[in-house]
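See structure below.
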Amino acid sequence: MAVPKLTMAQAINTALRDAMSADESVVVFGEDVGPLGGVFRVTDGLHEDFGESRCFDTPLAESGIAGLAVGMAMNGLRPVVEMQFDAFAYPAFEQIASHVAKLGNRTRGRIRLPMVIRIPYAGGIGGVEHHCDSSEAYYAHTPGLTVVAPATNADAYGLLRAAIESPDPVVFLEPKKHYFAKEEVDVSAYVPPIGHAAVRRDGRDATLIAYGPSVPVALAAAEQAKAEGRDLGVVDLRSIVPFDDETVCAEVRKTGRVVVIAEAPGFASVASEIAARVGERCFHHLEAPVRRVTGFDVPYPPPKLEQHYLPGVDRILDAVDTLQWEDVA
């Protein structure tokens with residue numbers, strides 16, 4: 001049987017549909033996710049097929065959306081909420097940091113919150129301010145949250161199914177610039193457990209570590225480097241929290257050289273944490289300092305400047321060139 005090709009938006013829609021069909025406690029809500037199907041049409045058809053009680057619109061009140069989800073999750077439901085754009089979620093951050101992340105610990109595990117916060121995030125769509133932030137560091141820095149960032153359409157399906165089944169809250173970051181690219185998605189395949197990175201490309205000379213929207217860029221850089229005589233491996237984290245130290249370190253120890261790639265600004269970032277973890281765990285295997293290729297430490301720029309802000313193949317290969325190749329015998 002042929003494996004269907006789905007866009008990432010369709011893969012996520014299918015994951016929501018399958019989860020709602022399998023479990024009546026799964027409910028979907030947020031701004032414009034009902035009859036409209038969301039601004040990216042990710043929830044298209046769910047309102048019609050499952051009814052107003054299972055897929056519904058909310059007011060433009062992100063803090064209320066998160067707070068409502070907490071109450072639902074405390075009382076036996078599995079809410080999946082959408083924050084329409086990444087920076088729209090900031091008004092909800094107090095609820096997320098104070099209650100979503102802490103309630104399990106506050107009650108010594110007596111109350112669990114099986115809920116998912118879906119966030120279309122990162123750049124690449126020519127959006128204006130508040131529509132293209134990479135806010136993963138805020139969530140990764142908040143103990144009590146699982147943070148997932150799929151890079152492929154198959155992972156978008158499988159990891160969302162895993163997130164919905166999780167007994168604890170998951171922030172699910174969806175790279176919006178990949179919503180409409182098609183890939184083969186076998187929905188009957190093994191669902192990847194959260195917390196396991198994937199080696200997308202083996203390499204012997206250096207390792208590129210990326211997640212979410214930066215993974216295709218890393219793969220493109222590795223392909224171009226091959227034409228220049230360098231063999232670069234690519235690790236797709238898939239999950240930021242929990243972090244798969246085992247897979248990452250195994251790849252780093254093979255190559256001894258590392259470039260971390262992410263769209264968010266570099267200072268106090270997830271990329272910084274990855275570099276620190278690699279340095280602590282793989283120090284004696286490193287042939288050069290860990291390099292980072294990230295967004296710049298400025299607010300997200302206007303669309304005309306976006307291409308200069310986002311990490312690209314040339315910036316990645318420039319970083320690879322600094323990995324002390326001249327010191328190799």
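Residues in the range 278-294 that are assigned to a helix (DSSP H, G or I) and either more than 18 Å from A218 (Cβ to Cβ) or of a type in the set (S, T, Y) (or both): G279, E280, R281, C282, F283, H284, H285. Identify all residues within the range 90-125 that are surrounded by 24 or more Cβ atoms within 10 Å (Cβ to Cβ) and assigned to a helix (DSSP H, G or I); write none if there are none. Passing the criteria: I96, V100. For the range 91-109, indicate whether the set of residues that are outside the structural domain of I209 (by TED's automatic domain parsing), out of contact with any Phe, Trp or Tyr (no Cβ under 6 Å at 6 or more places or on another chain), within 24 Å of A218 (Cα to Cα) and not charged (D, E, K, R) is non-empty. No, every residue in the range 91-109 fails to be outside the structural domain of I209 (by TED's automatic domain parsing), out of contact with any Phe, Trp or Tyr (no Cβ under 6 Å at 6 or more places or on another chain), within 24 Å of A218 (Cα to Cα) and not charged (D, E, K, R).
Could you go through the range 34-55 and let me know if any residue there is closer than 27 Å to D133 by Cβ, out of contact with any Cys (no Cβ under 9 Å at 6 or more places or on another chain), of a type in the set (A, V, I, L, M) and outside any loop (DSSP other than H, G, I, E, B). Talk me through it step by step, then tell me what you get.
Here is the first cut: in the range 34-55, the ones closer than 27 Å to D133 by Cβ are 34, 36-44, 46, 55.
Filter once more, keeping what is out of contact with any Cys (no Cβ under 9 Å at 6 or more places or on another chain): 36-42, 44, 55.
With the extra rule that they be of a type in the set (A, V, I, L, M), the set shrinks to 36, 39, 42.
Of the ones still in play, those that are also outside any loop (DSSP other than H, G, I, E, B) are none.
The answer is no; no qualifying residue exists.
Can P143 be described as assigned to a loop (DSSP other than H, G, I, E, B) and within 12 Å of the chain's Cα centre (by Cα)? When the stated conditions are applied, P143 does not pass them. Right, T255: farther than 24 Å from L159 by Cβ, surrounded by 15 or more Cβ atoms within 10 Å (Cβ to Cβ) and among the polar types (S, T, N, Q) or not? Yes, satisfied. Of the residues in the range 14-23, at least one is in the same structural domain as T142 (by TED's automatic domain parsing), more than 20 Å from L113 (Cβ to Cβ), of a type in the set (S, T, Y) and surrounded by fewer than 17 Cβ atoms within 10 Å (Cβ to Cβ).
Within the range 82-89, is even one residue outside any loop (DSSP other than H, G, I, E, B) and of a type in the set (S, T, N, Q)? No; the residues of the range 82-89 include none that is outside any loop (DSSP other than H, G, I, E, B) and of a type in the set (S, T, N, Q). Residues in the range 288-313 that are closer than 21 Å to V259 by Cα and either in contact (Cβ under 8 Å) with a residue 60 or more places away in the chain or touching an Asp or Glu at 6+ places or on another chain (Cβ under 9 Å) (or both): A288, V293, T294, G295, Y309, L310, P311, G312, V313. Within the range 53-73, being farther than 30 Å from G123 by Cβ and either surrounded by 16 or more Cβ atoms within 10 Å (Cβ to Cβ) or charged (D, E, K, R) (or both) holds for R54, M72, A73.
Do we find a residue being crowded, with 16+ Cβ neighbours inside 10 Å and among the hydrophobic types (A, V, I, L, M, F, W, C) anywhere in the range 300-310? Among the residues of the range 300-310, at least one is crowded, with 16+ Cβ neighbours inside 10 Å and among the hydrophobic types (A, V, I, L, M, F, W, C), which makes the answer yes.
The values are calculated or read from the model by the stated rules, or taken from the named source; none is laboratory data. What you see is a predicted model; the values in this text were computed from it and never measured. In this analysis, Cβ positions are derived from the backbone assuming ideal geometry, glycine residues included, and neighbour counts consider all displayed protein chains.
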